[in-house]
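The values are calculated or read from the model by the stated rules, or taken from the named source; none is laboratory data. Everything quoted here is computed from the prediction, not taken from an experiment. Backbone-built Cβ (ideal geometry, glycine too); neighbour counts: all protein chains shown.
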Amino acid sequence: FLSVNGFSWSNCDGESLPGKIKSLSISPDPISIPGDLPSWLASGNYRVTGVLMVDNKEIGCAKFTFSL
């Protein structure tokens, strides 16, 4: 098992979009990832951006960072 450590998040749109994350909790902490990942993915720092859309209109955005 691999563990996700150092997870954090932030809204990425300033104040321009109506959708905001006000709080977020992840459980369990740390998160365990079962199975095998390719060696190039099994360790490092990662950033993911998620965009929430309704009817092809962006209403929210969040950035997530984590380490393996």
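Look at the stretch 22-48: where a residue is farther than 15 Å from Ser67 by Cβ and a partner is in a loop (DSSP other than H, G, I, E, B), sitting 6+ places away or on another chain with Cβ atoms under 9 Å, you get Pro34/Phe1; Gly35/Phe1; Asp36/Ala42. For the stretch 16-68, the tally of residues that are modelled with pLDDT of 85 or more, under 14 Å from the mean Cα position of the chain (by Cα) and not in a loop (DSSP other than H, G, I, E, B) stands at 16.
Checked against the criteria, Val4 counts as surrounded by 13 or more Cβ atoms within 10 Å (Cβ to Cβ), at pLDDT below 85 and part of a strand (DSSP E or B).
Taking the criterion of being of a type in the set (Asp, Glu) and closer than 18 Å to Met53 by Cα, the residues of the stretch 1-39 that qualify are Asp13, Glu15.
Yes or no: Gly19 surrounded by 12 or more Cβ atoms within 10 Å (Cβ to Cβ), of a type in the set (Gly, Ala, Ser) and in contact with a Leu (Cβ under 8 Å, 6 or more places away or on another chain)?
On the way: surrounded by 12 or more Cβ atoms within 10 Å (Cβ to Cβ): yes; of a type in the set (Gly, Ala, Ser): yes; in contact with a Leu (Cβ under 8 Å, 6 or more places away or on another chain): yes.
Spelling it out, Gly19 is indeed surrounded by 12 or more Cβ atoms within 10 Å (Cβ to Cβ), of a type in the set (Gly, Ala, Ser) and in contact with a Leu (Cβ under 8 Å, 6 or more places away or on another chain).
Checking each residue in the stretch 37-68 for being of a type outside the set (A, V, I, L, M, F, W, C) and out of contact with any Leu (no Cβ under 9 Å at 6 or more places or on another chain) picks out Pro38, Ser39, Arg47, Thr49, Gly50, Asp55, Asn56, Lys57, Lys63, Thr65, Ser67.
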